[in-house]
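Below is one structure, written out as structure tokens; comments come after it.
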Amino acid sequence: MAQIPNLDNAPLNLRALREQSQKELINILKNIRGRKCLVVDPKLGGSLSLIIQTSVLKEHGAELRHLSSDPIQTDCNKVVYLVRAQMDLMRFICSNIQSDISKGLQREYFVYFAPRRTVVCERVLEEEKVHHLLTIGEYPLYVIPLDEDILSFELDRSNKEYLVDGDTSSLWHIAKAIHKLEFSFGAIPNVRAKGRASVRVADILNHLQTEEPVNSNDVNMVVPEINTLILIDREVDMVTPMCSQLTYEGLVDEFLHVNNGSVELDSSIMGAQQDGKKIKVPLNSSDKLYKETRDLNFEVVVQILRQKAMNMKQDYAEMSTTTQSVSELKDFVKKLNSLPEMTRHINLAQHLSTFTSKPSFLGQLDMEHTIIEAESYDICFEYIEELIHKQESLVKVLRLLILLSVTNSGLPKKHFDYFRREILHSYGFEHMGTLNNLEKAGLVKKQESKSNWLTVKRGLQLVVEDTNTVNPTDIAYVFSGYAPLSIRLVQQAVRSGWRPIEEILKLLPGPHSETKRGRFLSSSSYDSLQGASASNDKVTDGRRTVVFVVFVGGVTFAEISALRFLSGQEGMAYELIVGTTKIVSGNSLTETFVEKLG
């Protein structure tokens, strides 16, 4: 099965978006005649695998290599570097070129920055005296369709860069990416933003629209396909990503780490005989069974797979004991075609169950719920203390510590100092930088004011008793009883607007803004996005209009599942599409703040 996702059923024409990115890359290769060695930075290479097949690059004379500190082994006279604008990658390029010069090799060098060149990177190339040897260009890859309803800006460190380093370049990137989308789908008339970074992105977007207007010269403008843009900072809700996701897709990411739409596993886990060999398992909408089960609570997925296996067994028994008509045989063969998919997911679910059945995981779930309930601080304190003394994974400890700190508006000074001291003793003083990062980001800090978590929790109904995970009626099923705060904000925005929860919004981090833009100010009742009966809530071909929900700082698969659940509700007037700097889990988000000194 292809790793490149099938985008045929996307609410927007994402296929055209992907084809444009393919075309731009092919044009770069076409303009460099003859054979060339295409050297890609590994992270960018993963993103490219969702856009273009390797075979297409080879058809255009490209020999593929990954960029590292090691010299490039190739007999091509033209070397094309395709890289993100990062200092360490510039040093690798300089090292490669200097190695060639020392060997007396004469080559033509090209550097294409994705999505844009930066002065800082070019200065490194100048200082290392290789800049004059290079032809420099840009590959404007701002956004990548991960699936039918997910767009990623692939900015994996944006949260830490903004909160700790004060680096706002990712915000410009996000605004630029959204503005590029507007050229394809029309200027977005309504923008809501919550959080410092999100409000800043909304401001930059307006600035870009002033500088380079969308639709400005078109007298017969089409109604925009995206009705509303909702921007939400990860900082506004750091509770949700620190909780263990309980959807199928969420758990796969928690334990196996989904990377560019696939997981890498030992072949033995997937039932193959080649021990020790790694295989990539693609996970996207192209896999019908995965599409059917990925957003469900994992308990339910196990039951569904068991039932499907029983049905298959029964069909086989009937086939071997009775005479079948040709059409019945045809139906049976069709069912057999889905057997590889079913086998894949039974193996995957069985592997996941080895993690989810562990007492340590179940204990962690209990503790997360206890912290969210905010009624037993001492029990939570002792549990985290015990984890540190047992030297459990540092990331696991920090996740719970962040959860405890965020829900309590910080830790009492005595406890804050105690935890810092214990972590440095247990895990090493090189983690001083990590703790400083978390404090600077406001994730693990000293308590300076009374917590408003209980007010927020009650006001937004974040804890739902007796959640039905089999036939869910609320988004809380994705965490078996906790409704993600971020998605409650989206739910409120599309149902009745943010005005009824104005006081709650003020209790959450950062400002909020609501803007009407462009010439389609009346395209929807803005304060309440409901307007299901409004004729202009449908685009011309009868599809629902789109609300584009962008998470600045990352989104979890569980939150995406909750949004899909909302989108599928009866009477829902809008199709929800997700945009994110990166898909994250509690582990990957916490790891971005981990910094070893020395």
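The values are calculated or read from the model by the stated rules, or taken from the named source; none is laboratory data. Quantities reported herein were computed from a predicted structural model and do not represent experimental measurements. A quick note on method: Cβ atoms are made from the backbone with ideal geometry, for glycine too, and the neighbour counts reach across all protein chains shown. Note: areas computed on protein heavy atoms with side chains; ligands, DNA, RNA excluded. Shrake-Rupley method; radii C 1.70, N 1.55, O 1.52, S 1.80 Å.
Details
- Inter-site label distance for residue 449 and residue 309 at 7 Å from Cα along Cβ, in nm: 5.3
- Qualifying trypsin sites (Lys or Arg not before Pro) in the stretch 364-401, DSSP loop, other Cβ atoms within 10 Å at most 11: 390
- DSSP beta bridge pairing in the chain, given as percent antiparallel to the nearest 5: 30
- Mean shadow area of the stretch 30-135 over all directions, Cα convex hull, nm²: 6.4
- Among the protein heavy atoms of the chain, carbon and sulfur supply 49% of the accessible surface, probe 1.4 Å, non-protein parts ignored.
- Computed from point charges on the beta carbon alone (+1 for Lys and Arg, -1 for Asp and Glu), the dipole magnitude for the stretch 112-211 about its Cα centre is near 320 Debye.
- Per residue, the chain exposes an accessible area of 45 Å² to a 1.4 Å probe, with every protein chain left in place.
- Placing 570, 422, 126, 375 in order of accessible area, with the largest value first and a 1.4 Å probe, yields 570, 375, 126, 422.
- With 26 Å as the limit, the listed pairs 390/582; 280/308; 358/413; 23/103 have 390/582; 358/413; 23/103 beyond it between alpha carbons.
- If you plug the beta carbon distance of residue 341 and residue 136 into 1/(1 + (r/R0)^6) with R0 = 45 Å, you get a FRET efficiency near 0.50.
- The calculated FRET efficiency for the pair residue 382 and residue 64, based on their C-beta separation and a Förster distance of 56 Å, comes to about 0.60.
- Charge dipole (Cα centre; +1 on Lys/Arg Cβ, -1 on Asp/Glu Cβ; no other charges) of the chain amounts to roughly 1040 debye.
- Residue among 398, 372, 411 farthest towards the positive dipole end of the stretch 367-411, charges placed on Cβ: 398
- Relative to the Cα centre, the charge distribution of the stretch 168-297, modelled as +1 at Lys and Arg Cβ and -1 at Asp and Glu Cβ, gives a dipole magnitude of about 80 debye.
- Taking θ as phi - 60° and the Karplus parameters 6.51, -1.76 and 1.60, the scalar couplings of the stretch 228-242 work out to 9, 10, 10, 9, 10, 6, 4, 4, 5, 9, 8, 6, 4, x, 7 Hz in sequence order, x denoting glycine and proline.
- Fraction of C-alpha pairs exceeding 18 angstrom in the stretch 364-501: 60 percent, rounded to a whole number.
- Of the residues 10, 479, 362, the one whose Cα sits farthest toward the positive end of the charge dipole of the chain, with +1 on the Cβ of Lys and Arg and -1 on the Cβ of Asp and Glu, is 10.
- Placing R0 at 30 angstrom, the Cβ-Cβ distance between residue 118 and residue 594 gives a FRET efficiency of 0.75 after rounding to 0.05.
- Annotation: extensible slack from residue 362 through residue 31 equals 113.5 nm (criterion: 0.36 nm per residue apart, minus Cα-Cα distance).
- Cysteines of the chain lacking any other cysteine Cβ under 4.7 Å from their own Cβ: 94, 121, 243, 380.
- Measuring nothing but alpha carbons in the stretch 395-441 and taking Rh as the Kirkwood radius, the Rg to Rh ratio lands at 0.93.
- Size descriptors for the chain (Cα atoms only): Rg and Dmax, in that order, 25.6, 80 Å.
- With a simple spin-label model that places each label point 7 Å from the Cα along the Cα-to-Cβ direction, the separation between residue 277 and residue 128 comes to 3.7 nm.
- Over 19 Å between alpha carbons, listed pairs 30/78; 414/445; 160/506: 160/506
- Helices in the chain, meaning DSSP H runs of at least 4 residues, each add -39500 (n - 2.57). Divided by all residues, the mean residue ellipticity at 222 nm is -14000 deg cm²/dmol.
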